[in-house]
Amino acid sequence: MFSGGDTVKTIYNLPTYNKDKRLSLFDIYKSYSEINKNYWIKNILNISKIKYEKKEFSYFINTFRTKKKGKALWLIAGIHGEEPAGPNAISKNIEYINKLGKKIPIVLLPLCNPIGYMKNWRYPYSKTIQKDKEPKSVGDSEHCLIDLKDTRKPRRNNPILKESELITKFVLKQVKDYPPLLVLDLHEDDSVSDSYIFSQGFLRHKDPIAKEIIKLLRKRKFRIKKFGFTSFKQKIVNGIVTNVKDDSIDELLSTYRLIINKSIKKGPQGKSVVVVETNSKKIKLKKRVTAHSYIIKNLLKYYNITKKIKS
Ligand SMILES: [Zn+2]
């Protein structure tokens, strides 16, 4: 089932944090074996020789893309390990995602940070954001994003983690055959009492998908934080945060220009790049997974809406 991983010692049989009754890492990976090989191509990103509880382990991050190429839906989840709703919703909706893959081009990154997920840690190698230390996120693409002060330079010279290097590389390789029309990155936030949405594409506050998802979350009885700030001091207007330079894979997928080996290249320019942040404070995982499942079941509708937007 876990073919392709280095077999020194793998992480998949280690116990997964389960106080919130999330699916085990084993069951999450098992669900991916149901992805229909007739319509989907699997690529694994191999991470070897990581230290975990003083032992050496290896593991891999799963990626999938449809055989059907073209303007694509990108579905991303599990960047932060303490935000399990997205990865659980994807695993519970494999059958639906299979069907969707027959209809439209899709790139799927269903669990970007398996180590963090297993431990309920935000990052693979640190539990939370640490004071005076750089957050080392698997979803960091700074090494390919242009420095905000000096446009001849990337924001950092080298990838922050092996994981972020491989994920960024995978993204930049696939955007050629699967230009991002709609990107949905499923996150959660336990630091605020209400939910909100990031819109990273050029549509900003007018992004109809951001509005649709806010509507859906309201219907699922999630309160929306209409105005105010996120815990990272980003301004929220009508439930939406825009124009964020957060060094993330989402910024990468929406950017117009990026930098590779010191040369400036055209960016992926995702039309609608939406990051969902359901509030996870005092809300049971089951309810959050249900909300994310509803988002997944609306993906074809969202894709078609995005397709009609004039650029
Ligand atoms: Zn997050």
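Here are a few things to note about the model shown:
- Unsatisfied cross-links (Cα-Cα over 22 Å) in the set K162/K286; K103/K308; K169/K206; K37/K92; K133/K266: K162/K286; K169/K206; K133/K266
- When the C-alpha to C-alpha distance is required to be over 20 Å, the pairs from K51/K136; K19/K131; K19/K281; K71/K173; K69/K99 that qualify are K19/K131.
- For V241, residues with placed amide H under 5 Å, excluding near neighbours: I197, F198, S199
- For the stretch 267-305, the list of trypsin sites (Lys or Arg not before Pro) that fall in a loop by DSSP and count at most 14 other C-beta atoms within 10 angstrom reads K281, K282, K284.
- Only one residue of S263, F222, T63 has its Cα farthest out toward the positive end of the dipole of the chain, where Lys and Arg carry +1 and Asp and Glu -1 on Cβ, and that residue is F222.
- Along the stretch 216-227 the Karplus relation, 6.51 cos²θ - 1.76 cosθ + 1.60 evaluated at θ = phi - 60°, assigns HN-Hα couplings of 5, 5, 4, 4, 7, 6, 9, 6, 9, 7, 6, 9 Hz to successive residues, with x for each Gly and Pro.
- Most fluctuating residue given options I115, I94, I209, as computed from a GNM of the chain linking Cα atoms under 10 Å: I94
- 5 angstrom amide H check on N43, placed H, neighbours 5+ away: T63, F64, R65
- Under a 5 Å amide H cut-off, with hydrogens placed 1.01 Å from N, S248 pairs with S141 among residues at least 5 apart or on other chains.
- Across q = 0.10, 0.12 Å⁻¹, the chain modelled as identical point scatterers on its alpha-carbon atoms has Debye log10 I(q)/I(0) values of -0.51, -0.76, in the order of the q list.
- Globularity ratio of the stretch 1-119, using Cα Rg and 2.2 N^0.38 Å: 1.06
- For the stretch 67-135, the list of trypsin sites (Lys or Arg not before Pro) that fall in a loop by DSSP and count at most 16 other C-beta atoms within 10 angstrom reads K67, K68, K69, K71, K127, K131, K133.
- Along its principal axes, the stretch 262-307 has C-alpha extents of 46, 29, 9 angstrom, given from the largest down.
- Cross-link reach list, aspartates and glutamates versus K215, counting only Cα pairs under 15 Å and skipping chain neighbours closer than eight places: D194, D207, E277
- Antiparallel %, DSSP beta bridges [both residues in the chain], to 5: 55
- Each of N279, N120, L161 was placed along the dipole of the stretch 25-308 (beta-carbon charges, centred on the mean Cα), and the one lying farthest toward the positive end is N279.
- Additional length obtainable on full extension of the chain from K301 to V237, 0.36 nm per residue less Cα span: 20.6 nm
- On the principal axes of its alpha-carbon atoms, the stretch 73-176 has extents of 45, 34, 19 Å, going from largest to smallest.
- Each Cα pair under 8 Å and six or more residues apart adds its sequence gap; the mean of these over the residue count of the chain is a relative contact order of 18 percent.
- Per DSSP, loop trypsin sites (Lys or Arg not before Pro) in the stretch 212-241 with at most 15 further Cβ within 10 Å: K221, R223, K226, K233
- Size of electric dipole in the stretch 190-311: Cβ of Lys, Arg +1 and of Asp, Glu -1, about Cα centre, debye, nearest 20: 540
- Contour minus Cα-Cα distance for N46 and K92 (0.36 nm per residue): 14.1 nm
- Residues in the stretch 36-50 carry Karplus couplings, in order, of 5, 5, 5, 10, 10, 10, 9, 10, 10, 9, 8, 10, 10, 6, 9 Hz; the curve used is 6.51 cos²θ - 1.76 cosθ + 1.60 with θ = phi - 60°, and Gly or Pro positions show x.
- Exposed loop sites were defined as chymotrypsin sites (Phe, Trp or Tyr not before Pro) in DSSP loop states (anything but H, G, I, E or B) carrying at most 15 other C-beta atoms within 10 Å; in the chain the longest segment without such a site runs 1-124.
Computed from the coordinates by the stated procedures, all read-outs in this text should not be read as laboratory data. This is a predicted model, so every value here is computed, not measured. Positions of Cβ are backbone-derived with ideal geometry, glycine not excepted, and every protein chain shown enters the neighbour counts.
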